[in-house]
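In what follows, a structure is listed as structure tokens, so that the remarks can point back to it.
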Amino acid sequence: MNKFAIFAKKNDPMKTFLLAALLLAASSCPSPEPMSKLTERVFARAEAQFTALDARLPENKMPVTFENGEIKDGKLNGWTSGFFPGSLWLVYEYSGDAKFLKMAERQTEKLDSIVSMYTHHDIGFQVNCSFGNGYRLTGRPEYLEVVRAAAAKFSTRFNPVVGCTRSWDPGKRWDYPVIIDNMMNLELLMAASRLTGDESYSSIAKTHANTTMKNHFREDFSTWHVVAYDEATGAVLKKQTSQGFCDDSAWSRGQAWGLYGYTMMYRESGDSTYLKQARGIASFIIPLLPEDGVPEWDFNAPGTAHPFGMDAKGAPSPKKFKWKEGDPVLRDSSAGAIIASALIELSTYGDPDGLYLKTAEKILRTLASPEYLAEEGENGDFLLKHGVTNLHAWSGVDIPLTYGDYYFLEALIRYKNL
Ligand code: GLY
């Protein structure tokens, strides 16, 4: 008798009952949508939404968000300007459709004078997502030249005494602020070195990553948002927040930038210290994710299961911060997308219990559900709903974000390529 024999013998009431129960259980648990189908569905939606976005976009602008019924575009030198061209490159990569190649080229080339404009550390995001992806997919030498020139410009923000590139210029609160987000911009430097052979860029990136590892992280691998340095001595002056709930909280997107940044640094350098750091950050993030995987906007925001209250150090005044007891805690879909993309890459460097990939898949399934994925023609033609820009200042609350869309598509392509 073989192992399926339990179903083979006729007229045994117990066995008939068992078979019926099994069939009933199977029919009441529909199998989940295969990831390949889910990816196809999301990219079809992206094609429709982005075609509409592209058609209405002014020549001197890039899309940022959709808020209070209004589409908000940003200047070409704004920090988010590379994400729409980048998303178009990803749609082209997935579909191979020449229409999106043309669109991606046109939107990318709108940024071709970006290196000569006023620049900030985010020239990394801007150029790597647009020209970097463009070079990866077409091999055009003129795109590589923009990557190289942007890396050279970004390198001028490096101060060897501090050991970091300066994120923001001197302002009211800080003279030499370095934010965890800046880890993402190091990818431009690493790519420029890999592609040109000039190691001066990667050397800056590694020094920045090492200094950040030393000064930005707490023992549990959570990170402060802003570390302010004395540029003459390199001393750490303050550890604070700009966009998180309070100075000592764990702003979700900041944790996501850190996770992605150190995973990327391991890929580009092969230095296992960065892999260890990325795994540490993952071990902080994963247990704090809600059941559906999409993080609350700050892991310590009031209303979460975590300990801070409205009087926590560096918290916004209750006048500005409009959340009150009993309100839901907002999620940040962009942080979810960044975490998913980073975890998929991290899983390829070792994922013994499959936790990284399982978590990433859970996040992607939630983001692809109607709760998060916009219907065609809605959401200002962005893909993901429910992102948060800066709840600390109560600005950009529960909106789509161009970078959420970019990392969502990137994560799906990474998953497909596993
Ligand atoms: N890099 C800015 C932000 O994540 O909002």
Specify which of the listed residues (S283, S269, S317) is among the polar types (S, T, N, Q) and either within 16 Å of the ligand (Cβ to nearest atom) or under 27 Å from V162 (Cα atoms) (or both). S269
If we ask which residues in region 311-338 are touching a Cys at 6+ places or on another chain (Cβ under 9 Å), open to solvent by 20 Å² or more (accessible area, probe 1.4 Å) and of a type in the set (A, V, I, L, M), their number turns out to be 1
Within region 398-418, track down each residue that is open to solvent by 40 Å² or more (accessible area, probe 1.4 Å) and either under 13 Å from V294 (Cβ atoms) or modelled with pLDDT under 95 (or both). D398
Give all pairs with beta carbons closer than 9 Å in which a residue from region 190-213 that is over 17 Å from H121 (Cβ atoms) and of a type in the set (V, I, T) meets a residue that is open to solvent by 40 Å² or more (accessible area, probe 1.4 Å) and in a helix (DSSP H, G or I); count only pairs at least 6 apart in sequence or on separate chains. T196/R148
Which one of these is among the acidic types (D, E) and farther than 20 Å from Y260 by Cβ: E410, E325? E325
Every residue in region 252-276 that is open to solvent by 10 Å² or more (accessible area, probe 1.4 Å) and either closer than 13 Å to D220 by Cβ or among the aromatic types (F, W, Y) (or both), please. Y266
Residue match in region 42-58 (condition: outside any helix (DSSP H, G or I), at pLDDT 95 or above, charged (D, E, K, R) and closer than 24 Å to S369 by Cβ): no
Going by the structure shown, is A305 assigned to a loop (DSSP other than H, G, I, E, B), within 16 Å of the ligand (Cβ to nearest atom) and of a type in the set (G, A, S)? no
I'd like to know if region 137-159 contains one or more residues that are outside any loop (DSSP other than H, G, I, E, B), buried (at least 24 other Cβ atoms within 10 Å of the Cβ) and within 16 Å of the ligand (Cβ to nearest atom). yes
Within region 383-397, work out how many residues are in contact with a strand residue (DSSP E or B) (Cβ under 8 Å, 6 or more places away or on another chain) and surrounded by fewer than 24 Cβ atoms within 10 Å (Cβ to Cβ). 4
Quick test for you: out of K72, K99, pick the one residue that is more than 30 Å from S155 (Cα to Cα), within 16 Å of the ligand (Cβ to nearest atom) and open to solvent by 10 Å² or more (accessible area, probe 1.4 Å). K72
I'd like the full set of residues that are at pLDDT 95 or above and exposed (fewer than 14 other Cβ atoms within 10 Å of the Cβ), limited to region 60-69. N60
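Would you mind finding the one in D181, D198 that is within 22 Å of V227 (Cα to Cα) and either within 16 Å of the ligand (Cβ to nearest atom) or among the acidic types (D, E) (or both)? Please lay out each step first, then the result.
Values: D198 fails: within 22 Å of V227 (Cα to Cα).
Among D181, D198, only D181 is within 22 Å of V227 (Cα to Cα) and either within 16 Å of the ligand (Cβ to nearest atom) or among the acidic types (D, E) (or both).
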Would you check if there is a residue in region 166-173 being touching a residue at least 40 places away in the same chain (Cβ under 8 Å), over 22 Å from F83 (Cβ atoms), more than 24 Å from the chain's Cα centre (by Cα) and open to solvent by less than 30 Å² (accessible area, probe 1.4 Å)? no
Could you list all residues from region 83-120 that are out of contact with any Lys or Arg (no Cβ under 6 Å at 6 or more places or on another chain) and not in a helix (DSSP H, G or I)? G96, D97, K110, L111, D112, S113, M117, Y118, H120
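Specify the residue that is surrounded by the fewest Cβ atoms within 10 Å (Cβ to Cβ); the eligible residues are those in region 102-113 that are over 28 Å from K416 (Cβ atoms) and either touching a Phe, Trp or Tyr at 6+ places or on another chain (Cβ under 9 Å) or touching a residue at least 40 places away in the same chain (Cβ under 8 Å) (or both). If you could, list the steps in order and put the result at the bottom.
Quick first cut of region 102-113, residues over 28 Å from K416 (Cβ atoms) only: 110, 112-113.
In the following step, the residues that additionally are either touching a Phe, Trp or Tyr at 6+ places or on another chain (Cβ under 9 Å) or touching a residue at least 40 places away in the same chain (Cβ under 8 Å) (or both) were identified as 110, 112.
Working: K110: 19, D112: 15.
Applying the filter and picking the extreme gives D112.
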Name the single residue, out of those in region 386-400 being under 16 Å from the mean Cα position of the chain (by Cα) and in a loop (DSSP other than H, G, I, E, B), that is nearest to the ligand (Cβ to nearest atom). T389
If I filter region 339-349 for residues that are open to solvent by 10 Å² or more (accessible area, probe 1.4 Å), part of a helix (DSSP H, G or I) and of a type in the set (G, A, S), do I get at least one hit? yes
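The values are calculated or read from the model by the stated rules, or taken from the named source; none is laboratory data. Note that the structure is predicted; figures quoted are calculated from it, not measured. Using ideal geometry, Cβ is built from the backbone for each residue, glycine included, and neighbour counts are taken over all protein chains shown. These accessible areas exclude ligands, DNA and RNA; they are computed on the full protein's heavy atoms, side chains included. Shrake-Rupley method; radii C 1.70, N 1.55, O 1.52, S 1.80 Å.
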